[in-house]
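Here is the structure we will look at.
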Ligand SMILES: Cc1ncc(COP(=O)(O)O)c(C=O)c1O
């Protein structure tokens, strides 16, 4: 089992997180329930900061809020001294409403609308991560209109294929993101960016993918980016001293998963910077990392109640829980693997193999295939760990399922980060058949 930082299993096999048992949390908040271990998030933030610190260049850790975002989470990230990346006007809104310093917000997105760009500019977003020529032109025009010189990074597609699921590879040349480094896309983008008086080109960015275990492509990435900087700072007439190498560090979802640690990742980054700064003669002063999953992923755990138990003799045993693909789309979207367990009966020997399925009208609504578990009874509490990233963030109301509550635990206390949706939330904004606004 991959449990959050403060997990404890007592001699009776009862799991507690942040000093609270799952039964206590269920009684107070109901199920399905997303639980976030604050200590685990703090530890990841601290590890990134300390592992990237102490070298001869500045490092800024920018939390990728697409992994999980809400007011309290943004406040926790700010309290831990990280910056934040947002990829839509909506994520920007959440960060701003949380009180996040706009100067520490990095605005991503491959199709920012005029309204989103204006929103970012007028709220004083620190940096736009520009993804296309259209955006470059529009941003330059709107920044000029507001009398601003807006700091920007250009998102570069480096032509590096990370070994991860194809839906979360973003560094290959056919990617929809960024300016291709092969061909002249990236070069032309630099020339255009340097030509606008309303933009200040401060750096280049690249994000090669997510849930990456083999981190050696990051060395290649640093080589490619610094080689390109040599051109920018040479023949293209720029003066850039900052690079952002995106996020992507993988996490363990099952006990078989052995991702590199943050320290190993940081060492590789520092070694590569040392090597390629020298090779390409580039005076890099600052590096940015954009982790999302590795900050919040293992801090989260989802609690369900077992409902219908169906045994098809000699074929399959099913346990249906009270959530499913509406709170965790990853298994059906990426064939992501998880482990299920009984948090009140940890340590009991497995006796049966079950598929843990959701309550949705899709045969693909399977959370865990072939879970080896003790005999499960209707009403038992069930849990899946490592659900802190890209689960609630991708949650839906499919089949009219209200979204779960999200609660935080720390030092024997728990409190709500996001309230459970009620049925009335499902029709909020709905109007009657011919009702005019
Ligand atoms: C531009 C960018 N930065 C950072 C991230 C965060 O990646 P991860 O959650 O894998 O660390 C993403 C995720 O897709 C991204 O698109």
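Hey, if you drop one equal point scatterer on each alpha-carbon of the chain and run the Debye formula without solvent, what base-10 log of I(q)/I(0) do you get at q = 0.08, 0.11, 0.13, 0.14 Å⁻¹? Taken in order of the listed q values, log10 I(q)/I(0) reads -0.49, -0.88, -1.14, -1.27.
Each part gets one Cα centre, and for the stretch 179-199 versus the stretch 259-306 those centres are 27 Å apart. Judged by the mean number of other Cβ atoms found within 10 Å, the most tightly packed of the peptides 215-224, 9-18, 65-74 leads the ranking 65-74, 215-224, 9-18. For the stretch 108-291, DSSP calls about 5 percent of its internal beta bridges antiparallel. Within the stretch 108-291, the proportion of Cα pairs with more than 25 Å between them is 35 percent. Listed peptides 240-252, 314-326, 288-300 appear in the order 288-300, 240-252, 314-326 once ranked by packing, highest mean of other Cβ atoms within 10 Å at the front. Rounded to the nearest 10 degrees, the inclination of helix 38-52 to the longest alpha-carbon principal axis of the chain is 30 degrees. Relative protection proxy for 77-87, 350-360, 414-424, 200-210, from highest mean packing down: 200-210, 77-87, 350-360, 414-424 (other beta-carbon atoms within 10 angstrom).
Where only DSSP H runs of four or more residues are counted, the chain gives -8500 deg cm²/dmol as its mean residue ellipticity at 222 nm, each run worth -39500 (n - 2.57). Under 15 Å from a label point set 7 Å out along the Cα-to-Cβ vector of residue 93, the amide N atoms of the stretch 422-437 belong to 428-430. Among beta bridges identified by DSSP and lying wholly in the chain, the antiparallel ones come to about 45 percent.
Taking label positions 7 Å along the Cα-Cβ direction at both residue 101 and residue 257, the computed distance is 3.2 nm, reported to one decimal.
With the simple spin-label model, which puts each label point 7 Å out from Cα in the Cβ direction, the residue 353 to residue 422 separation comes to 4.5 nm.
What does the C-alpha gyration tensor say about the overall shape of the stretch 309-423? Classify as rounded when a/c is under 1.5, otherwise prolate if a/b is larger than b/c, or oblate. Oblate shape, in that a/c is at least 1.5 and b/c is the bigger or equal ratio.
None of the figures in this text is laboratory data; all of them are computed from the coordinates on show. No experiment lies behind these values; they were computed from the predicted model shown. Here Cβ is always computed from backbone atoms with ideal geometry, including for glycine, and neighbour counts include all displayed protein chains.
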